[in-house]
């Protein structure tokens, strides 16, 4: 019977199948956050990704979690993810030692609007673990720095010991082709930087609002306050881009969990222009 | 204490600071005798919690950390205040005592306006006084919003 | 017997219906269709015609369902029950894959299960519409292999309705009661006048290949007229209405309408509507490792937007209130579904009305909002 004798799907054609990657490097960023560098199976390379996209990372027998890609787009053979322990799945992923295996599905979602940025001032605002998803965009901009206007980075975290990519942030501070302000919610005497919300740093950022594009990633409250402040400062709301977080379970628009109004955040997001989501952001429980 | 007072002959111009942009020159002249300049070295204490709030401070440059102390714990910086910003409202709200420590994180220059004459000026010129309160209110609102977000501890979620 | 052609209309006598079931099995299909179980007409495997609900129908309305005897021996004399065909195309529990530990790595195991081809016997026009919608839902840039495999193998045998339940509103949604063209075979049961028989319309080559094995005759004008009369009777019996005009904007533009709070006070968040709905597709996945830890399976199971943990981000649900969850369900179904899939997500089958334990009727909810779209909540009553 031809109707029952279907050929099995070709390898890799099933969107549910994770591909086993080997952990090559594991760097502790903070007490509960690590950065993993993953290698694709021998003879293959990770699929190309756009800054702002995410993968589903999987641990055998434990489960899957949606994690943003934090690596340098110019180094396509390395898949880099920064993971904070928030449950048993992320605990297992973050605990993966070099040589162990992490399954990967992806990349998924829309990325940052990289084509929109050349010729414009770029304001990057990251809150907490919002920095890793912005890192590929920052590295891409820095790789072709001359194509962009001013580059302003504001990075906020809970406390100084919660800052990730610390060495890289320090190196960025020393560059004269970007300005970075780091602020924390609270600090001890050993912190000589700013204490306060990222929005409090905006008045000190130098950019021409009308010719600025802004990239925002962090807790939703921070996104809302920052987008509002940027719009008030004169940045066009369609040039303010937010990376939204919802319950991404399947990452392929099938499971329904990440719906945000008409959007499946895993497909039409996670990056949205503020103008498109402002009404929903201001409404509760959408 | 390394904080030093400057003689009024320096004639610091209050309306150089954004907080006082747009005030009546008359009102600013009335305040002038109460205004002095302060310079702090890094780590210098501007004031301590519980002490009388004798002045309203406006940061011209540098950075001031506002610190809270709890018994048995290290001091915690809850906010930093930089150029073009102002420090506190304890000088206005009875019992006129500071609610936190203020410490310079780096070399910092401030305007200090004596609290007594400033309150008297507000009472004497209610319209200018209202303007001052209106300038101060957004500062309070921002601090409150920040405190709320800190309570939510959003980065932990 | 000349082979049947697509578009042809044939007469199948009731007495030859068992031969039709046999032909389906001979063509390699597992026949699934209506059967009596647990006091309802549900979907299950049909081994012979005694499995079918011959002579049975149901009385259903908001929050109530009861089997009753018909005064004839109609085979398909009921409307719709609690099950829909998504039970087979998108099973309540489905293994997505399994894997074995392989040193420090893991290896996916090929699925050894022999694929089954189902013949869906007794799909109503609204059921066909639901499958059309599901096809779009599961056909993304990365189509769901399980759904599509089953869907490609499925034979759709529609049965046109000869009556409607008080909960039916297919005429509002433009999905029935007559079937369109996306069936393999379409039957219309004619109990009287004349011999008990079926008008069979051939919709595809696969349908024709089954019918070729069954004794049939060319349909006559009386057969066609009787079938049309049956469908017209069903249309006339349709008991509920939902004006689809502008419903998307109506719901999206009034998220703070007091009716949402009103329905939230009645809604139990029991998820029945989403389980009974033929198009609700939300699911979750779970990892099922072996005790020894050497093997693991990834399972998918139905989930519901009424579950509190459905929307949770970092352990906190985005939609905490029952109000927000009912609003999510209805605005998704009737409004944002248009944005996502180019049509309404509702086919007017009425299952969600019947199987709601408190009888919430979405047509009534929409009507209430439409009656006074700009209504605002009354101020809190003074103590």
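For the stretch A:31-87, a tally of residues being modelled with pLDDT of 95 or more and at positive phi returns 3. Within the stretch C:312-323, the residues that satisfy the criterion of being touching a residue at least 12 places away in the same chain (Cβ under 8 Å) and at the interface with chain A (Cβ under 7 Å from one of its Cβ atoms) are C:319, C:320, C:321.
Could you say whether any residue in the stretch C:296-306 is over 23 Å from the mean Cα position of the chain (by Cα), closer than 24 Å to residue C:353 by Cα and more than 9 Å from every other protein chain (Cβ to nearest Cβ)?
We begin by selecting, within the stretch C:296-306, every residue over 23 Å from the mean Cα position of the chain (by Cα); these are C:296-298.
Pick out the ones that are also closer than 24 Å to residue C:353 by Cα and you get none.
No - not one qualifying residue is present in the stretch C:296-306.
Screening residue C:278 on (1) within 14 Å of another protein chain (Cβ to nearest Cβ); (2) touching a helix residue (DSSP H, G or I) at 6+ places or on another chain (Cβ under 6 Å) shows it passes everything except condition (1).
For every residue, the table says whether it meets (1) at pLDDT below 95; (2) within 15 Å of residue C:243 (Cβ to Cβ); (3) in contact with a helix residue (DSSP H, G or I) (Cβ under 9 Å, 6 or more places away or on another chain).
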{"residue": "C:345", "(1), (2), (3)": "no, no, yes"}
{"residue": "C:352", "(1), (2), (3)": "no, no, yes"}
{"residue": "C:360", "(1), (2), (3)": "no, no, yes"}
{"residue": "C:367", "(1), (2), (3)": "no, yes, no"}
{"residue": "C:375", "(1), (2), (3)": "yes, no, yes"}
{"residue": "C:378", "(1), (2), (3)": "yes, no, yes"}
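Among residues of the stretch A:195-228 being surrounded by fewer than 18 Cβ atoms within 10 Å (Cβ to Cβ) and more than 21 Å from the chain's Cα centre (by Cα), the one that is farthest from the other protein chains (Cβ to nearest Cβ) is A:211. Scan the stretch B:68-77 and give yes if some residue there is buried (at least 18 other Cβ atoms within 10 Å of the Cβ) and either within 14 Å of chain A (Cβ to nearest Cβ) or without any contact (Cβ under 8 Å) to a residue 12 or more places away in the chain (or both), otherwise no. For the stretch B:68-77, residues buried (at least 18 other Cβ atoms within 10 Å of the Cβ) and either within 14 Å of chain A (Cβ to nearest Cβ) or without any contact (Cβ under 8 Å) to a residue 12 or more places away in the chain (or both): present.
Considering only strands (runs of 3 or more DSSP E) fully contained in the stretch B:4-85, which possess at least 3 residues that are touching a helix residue (DSSP H, G or I) at 6+ places or on another chain (Cβ under 8 Å) and modelled with pLDDT of 95 or more?
Ranges flagged: B:55-61.
Residues in the stretch A:238-275 that are modelled with pLDDT of 95 or more and out of contact with any strand residue (DSSP E or B) (no Cβ under 7 Å at 6 or more places or on another chain): A:275 only. Collect the residues in the stretch B:78-100 that are crowded, with 19+ Cβ neighbours inside 10 Å and more than 11 Å from chain A (Cβ to nearest Cβ), keeping them in residue-number order. Correct list: B:86, B:87, B:88, B:90, B:91, B:98, B:100. Exactly one residue among C:305, C:273 is part of a helix (DSSP H, G or I), in contact (Cβ under 8 Å) with a residue 12 or more places away in the chain and either in contact with a helix residue (DSSP H, G or I) (Cβ under 8 Å, 6 or more places away or on another chain) or not assigned by TED's automatic domain parsing to the domain that holds residue C:168 (or both), and that residue is C:273. In the stretch B:100-109, the count of residues that are in a helix (DSSP H, G or I), within 14 Å of the chain's Cα centre (by Cα) and more than 21 Å from residue B:76 (Cβ to Cβ) is zero. Those strands (runs of 3 or more DSSP E) of the stretch C:1-99 in which at least 1 residues are modelled with pLDDT of 95 or more and within 30 Å of residue C:295 (Cβ to Cβ), considering only elements entirely within it, cover C:30-37, C:40-45.
Given the criteria out of contact with any helix residue (DSSP H, G or I) (no Cβ under 6 Å at 6 or more places or on another chain) and part of a loop (DSSP other than H, G, I, E, B), does residue A:97 qualify?
Details: out of contact with any helix residue (DSSP H, G or I) (no Cβ under 6 Å at 6 or more places or on another chain): yes; part of a loop (DSSP other than H, G, I, E, B): yes.
So residue A:97 fits the description; yes.
Test residue A:52 against the stated conditions and say whether it is assigned to a loop (DSSP other than H, G, I, E, B), within 13 Å of the chain's Cα centre (by Cα) and either within 13 Å of chain C (Cβ to nearest Cβ) or surrounded by 21 or more Cβ atoms within 10 Å (Cβ to Cβ) (or both).
Working: assigned to a loop (DSSP other than H, G, I, E, B): yes; within 13 Å of the chain's Cα centre (by Cα): yes; either within 13 Å of chain C (Cβ to nearest Cβ) or surrounded by 21 or more Cβ atoms within 10 Å (Cβ to Cβ) (or both): yes.
Yes: the conditions hold for residue A:52.
Is one or more of the residues making up the stretch C:139-153 within 14 Å of chain A (Cβ to nearest Cβ), closer than 30 Å to residue A:18 by Cα and crowded, with 24+ Cβ neighbours inside 10 Å?
Let us first name the residues in the stretch C:139-153 that are within 14 Å of chain A (Cβ to nearest Cβ), namely C:139-153.
Filter once more, keeping what is closer than 30 Å to residue A:18 by Cα: C:139-153.
The next check asks that each one be crowded, with 24+ Cβ neighbours inside 10 Å; those that pass are C:144.
The answer is yes, given that some residue of the stretch C:139-153 is within 14 Å of chain A (Cβ to nearest Cβ), closer than 30 Å to residue A:18 by Cα and crowded, with 24+ Cβ neighbours inside 10 Å.
Looking at the stretch C:119-126, is at least one residue at pLDDT 95 or above and surrounded by fewer than 21 Cβ atoms within 10 Å (Cβ to Cβ)? Checked the stretch C:119-126: no residue is at pLDDT 95 or above and surrounded by fewer than 21 Cβ atoms within 10 Å (Cβ to Cβ).
Are any residues in the stretch C:281-302 in a loop (DSSP other than H, G, I, E, B) and under 20 Å from residue C:134 (Cβ atoms), and if so, which ones?
C:281, C:282
The values are calculated or read from the model by the stated rules, or taken from the named source; none is laboratory data. What you see is a predicted model; the values in this text were computed from it and never measured. We place every Cβ from the backbone using ideal geometry, glycine too, and count neighbours over all the protein chains shown.
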